[in-house]
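To start, the structure under review is shown below, and the notes come after it.
The values are calculated or read from the model by the stated rules, or taken from the named source; none is laboratory data. Here the structure is a predicted model, which means the values were calculated and not measured. Here the Cβ positions follow ideal geometry from the backbone for every residue, glycine too, while neighbour counts run over all protein chains shown. When the accessible area is computed, the model is the full protein with side chains, heavy atoms only, and any ligands, DNA or RNA have been set aside. Shrake-Rupley method; radii C 1.70, N 1.55, O 1.52, S 1.80 Å.
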Amino acid sequence: SKPIARFCHTCAAMPENSRGRWGLGVWEVVGGASSGGIVVRVGRDTASEMVAERLATGSLVSATELEDGRLCFERLSGSGPAYGWASLRLQAGRLLLAPVAGLWEVVGGGDRGGIVVREGPEVGSAQAEARLETGALVRELELVGSRLRYRCIVGQGPEEGWVSVHLQGGKDLLTRVVAPGAESEIIGLPRVPLPVQAARGRILALHGAPGNSNIMRFQVKLLQKVAGPDFEWSFLDGPCAWEPLEGATALNLCERTLIEKSLAKGLPFTQWYSHPLPELAGPSEALADSAPQAGALSFENVIYLNVEDGMGFLDEYIAREGPFDVLVAFSQSGTLAAMYLDKLRTEAKPNPWRLSLLFCGSMIDDLRLQLQEPLALPTIYVAGGDKDDWCAHGLRCLPKMYTDLKVLTHEDGHTFPTRGPRAGEIYEQIVREMRERCGLPPG
């Protein structure tokens, strides 16, 4: 369990719009990794006295005042000063603090010492010995119907578990903590909302590598079925040619199976960018970043080629056929999407869609192309469990790449989830998020 944090007594005279426990949201320190954290000062003015200790990267803070790119905070987790003032960005523009989404506050159970926590999503699953106290702040890990899997950030009670968002009669037990409404103005992030065309959500679907649009159509059939007729789909083929490498066993280099060739329906296999071809001394030598081998998989010394071509191709298509509301990307295309969004940010251009759905892979292993700072676009990452050779690596990398990330896992491997009931739970949760982001009523 975790102690309830104190409130920042130095900011008692808060402006009217910042009153309330989480009135200006909860923020995460995303900068300062190479310098032991970010600078904290005792006052709003950047010339005020500097606190000796830095606020550690990864710490969470509650904002009590926000003015001219400066934030008065109280630390909720991590290490460093308990309170003070910090800058949202460096003068060069690099982000130091980012708002955290997916937070809930426990508002029920005040007369019972908190709310009931269970070990599983079923209301009949085993009950935890302790309750989650009223007033606790938790981070959403998964939402299945009205059941929330959480991780406690502030408050007494089980660190993780499942709780009900509301009672059967409709009384709220938890309420969402809304991130700052003027976020784009506050921290300069290009998050311009896009219009929904003809009251239908528009989805752009990008295949993995090697692959093509026909294979992607097969992969998303279950998701399309759950999404229903309120969404229209566009499928795009990657611009980079691909050919199998004789003798290779790597997933991205070996000959395609008969089933894959059948699903391709005559379309060539393509990719979004390419890699230097390895010189094979034997069948086990292949590009480490994109293929499971008999030995341990390595993600070091990875090189991407033709990335600018892939991003330019995607940019031209969106300019011609957009706007889109949701991106659905599998593996390599999720990596390209991250690099493309980072490029748009450096050019001060708006995000080209509202929500990213990334299935497997999607990390950036070429050190030259990794993100300068995490992306704020709402993102759901679906990983394939122990049978997916990239799962553990993705679960390490993706939370560092996105500030508004929800992670869902299954055990079907490096593919879209297919086996129920878990596949159905994942797709239902994804579609709820899609509908909300697209401004569509609940399905």
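Which order do the peptides 258-265, 149-156, 303-310, 24-31 take when ranked by the mean count of other beta-carbon atoms within 10 Å per residue, highest first?
Details: 258-265: 13.5, 149-156: 19.9, 303-310: 17.2, 24-31: 22.5.
Ranked from most to least packed, the peptides come out as 24-31, 149-156, 303-310, 258-265.
Taking only protein heavy atoms into account and a 1.4 Å probe, give the accessible area per residue of the stretch 28-161 in Å². Before the final figure, lay out the partial values.
Working: 5810 Å² over 134 residues.
It amounts to 43 Å² per residue over the stretch 28-161.
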Problem - Peptides ranked, highest mean first, by Cβ atoms within 10 Å: ranges 77-83, 241-247 - result: 77-83, 241-247
Handout entry: Where labels lie 7 Å past Cα in the beta-carbon direction, separation of residue 89 and residue 68 in nm
Key = 1.6 nm
Exercise for the section: Take the alpha-carbon centre of the stretch 372-443, take the same for the stretch 42-59, and report the distance between them in whole Å. Expected result: 35 Å
Practice task
Per residue of the stretch 340-353, in order, report the coupling 6.51 cos²θ - 1.76 cosθ + 1.60 (Karplus, θ = phi - 60°) as ³J(HN,Hα) in whole Hz, putting x for Gly and Pro.
Solution key: 5, 4, 5, 5, 4, 5, 5, 8, 6, 9, x, 4, x, 8
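Within the stretch 196-245, what whole-number % of the accessible surface is contributed by carbon and sulfur, with the 1.4 Å probe and all protein chains included in the calculation?
Working: 1080 of 2090 Å².
Answer for the stretch 196-245 is 52 percent, counting heavy atoms of protein chains only.
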Problem - Protection-proxy order for peptides 377-389, 39-51, 204-216, each taking the mean of Cβ atoms within 10 Å per residue, highest first - result: 204-216, 377-389, 39-51
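Quick check: at a probe of 1.4 Å, how many percent of the accessible area of the stretch 308-443 sits on carbon and sulfur atoms? Spell out each step's value before the answer.
Details: 2670 of 5180 Å².
It is 51 percent, rounded to a whole number.
On average, how much accessible surface per residue is there in the stretch 374-443, in Å², for a 1.4 Å probe, leaving out ligands, DNA and RNA? Could the numbers behind the result be given before it?
On the way: 2860 Å² over 70 residues.
Using a 1.4 Å probe on heavy atoms only, each residue of the stretch 374-443 averages 41 Å².
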Exercise for the section: Once every Cα of the stretch 20-142 carries one equal point scatterer and solvent is ignored, give the base-10 log of I(q)/I(0) from the Debye formula at q = 0.14, 0.15, 0.21, 0.23 Å⁻¹, two decimals. Expected result: -0.67, -0.73, -1.12, -1.29
Fill in the blank from the handout: Rg/Rh over Cα atoms for the stretch 72-145, Kirkwood Rh, comes to 1.12
Exercise for the section: Using only C-alpha atoms and all pairs of different ones, pull out the Kirkwood radius for the stretch 225-270 in Å with one decimal. Expected result: 13.1 Å
Practice task
With a bin width of 5 angstrom, please list the P(r) values of the stretch 392-443 as percents of all Cα-Cα pairs, from the 0 bin to the one holding the largest distance.
Solution key: 4, 17, 21, 20, 22, 13, 3, 0
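Given a 1.4 angstrom probe, what's the average accessible area per residue across the stretch 198-270, in square angstrom?
49 Å²
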Exercise for the section: Please report, in cubic angstrom per residue, the volume enclosed by the convex hull of the alpha-carbon atoms of the stretch 315-443. Expected result: 108 Å³
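What do you get for Rg/Rh of the stretch 121-160 when both radii come from the Cα atoms and Rh is the Kirkwood radius? Before the final figure, lay out each step's value.
Details: Rg = 10.2 Å, Rh = 10.8 Å.
So for the stretch 121-160, dividing Rg by the Kirkwood Rh gives 0.95.
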Handout entry: Dimensionless Rg ratio for the stretch 298-380, taking C-alpha atoms and the 2.2 N^0.38 Å reference
Key = 1.05
